[in-house]
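Worksheet: the structure to be examined is printed underneath.
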Amino acid sequence: MKKLLLGSALAASVLLAGSSYAETKVSGYLETSITSTESKTAGVSGVSTPSNIGHETSIDLKTSKELDNGFTMSAGFGMQDGVQADQYLKLSIANTTVAVGADVTGVADNVSLEDFTGHINQSFHDTGIGEITGAGSISVHGGTAVYVIQKTDMLTFEGAYAPTRNGTQASAATATSQLPGSGYDLAVHGNLGVEGLKVGYGIVEASQDGTSGLTDDVKTYGIKYSMGAFTAGYGNTTTEISGANNTKPSKESSSLGVIYQVSDALSLGVYTGLVEVQDQVTDEELMSVQAGYDFGGMGITLGYYEATDVGGVRGTDESLFEVRTVTKF
């Protein structure tokens, strides 16, 4: 017993001594938003929702250290609105990284609609306007997974595998109340050696619960190019569910965005979106106009959004106006 206690004490002292040399950084942000929405159903007058004031807070702690074996270790975790959101441990050498954690990197999210269209305010998906597929639709990276990242001069390859994933998370757009299943994300993105260019392609395959036989299959891709003060991007995501008991149709979402950097502080953006659902006669259309200004220490953004024929129902429309402030520290 004494030997066991002594061994435990020595192990603890080694861990504590090593961690005392690791550099730790703390960062975060405070976000405040004011939103006003209006909805209209076919044949019924529009209904306005009173303005709502919301807040979001985030704190991130990160540490990194060069290990004796030549690897670089980095670790961290985040707190969002007082709840632990993400955590990770990464080991890197040269251009290769292996990691375990939640949300270590976006993988399929790094080639999603939002990534290529670069919204100044929030994306259609994040505001909840319409039914556009967002952030890779369904992804395993939000749960605890094993990651492999390989970087080259022109492309970055990313992969994540999760032995279980929680289908009740908001990122699982098709979920109701499901037991955990497994899944993986794969993505490749980069500039192909062209300055200002980004292209990417990603796939997701995730079992909804491990017992129903239903599997979410997602394909997402896009292209973005910046030249001077202008940036234009296009993204496309297709979601399908396979399995004998499937009752949900496939859905294809696409988005196009153009941003003009008026000055170092002022940006303007225009965006369109389209949602096409299998066997649905009417497509849902989306539009947004956005602006942002950086005051140096605090940013403010404005966004107006419209969604017409929501859910493929003619005359069912939604609109939203939002003002956001972001303070980083």
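Please treat every number below as a calculation from the coordinates, not as lab data. The structure displayed is predicted, hence computed values, not measured ones. Positions of Cβ are generated from backbone atoms using ideal geometry, with glycine treated the same way; all protein chains shown enter the neighbour counts.
A few notes on this one:
- Estimated FRET transfer efficiency (residue 227, residue 49; beta-carbon r; R0 51 Å; 0.05): 0.80
- Pairwise label distance in nanometres, residue 100 with residue 326, each label 7 Å out on the Cα-Cβ vector: 3.2 nm
- Rounded FRET efficiency, nearest 0.05, which uses the C-beta distance separating residue 83 from residue 263 and R0 of 56 Å: 0.90
- Sequence-distant lysines (8 or more away, or on other chains) whose Cα lies within less than 30 Å of residue 151: 25, 62, 65, 90, 198, 219, 224, 328
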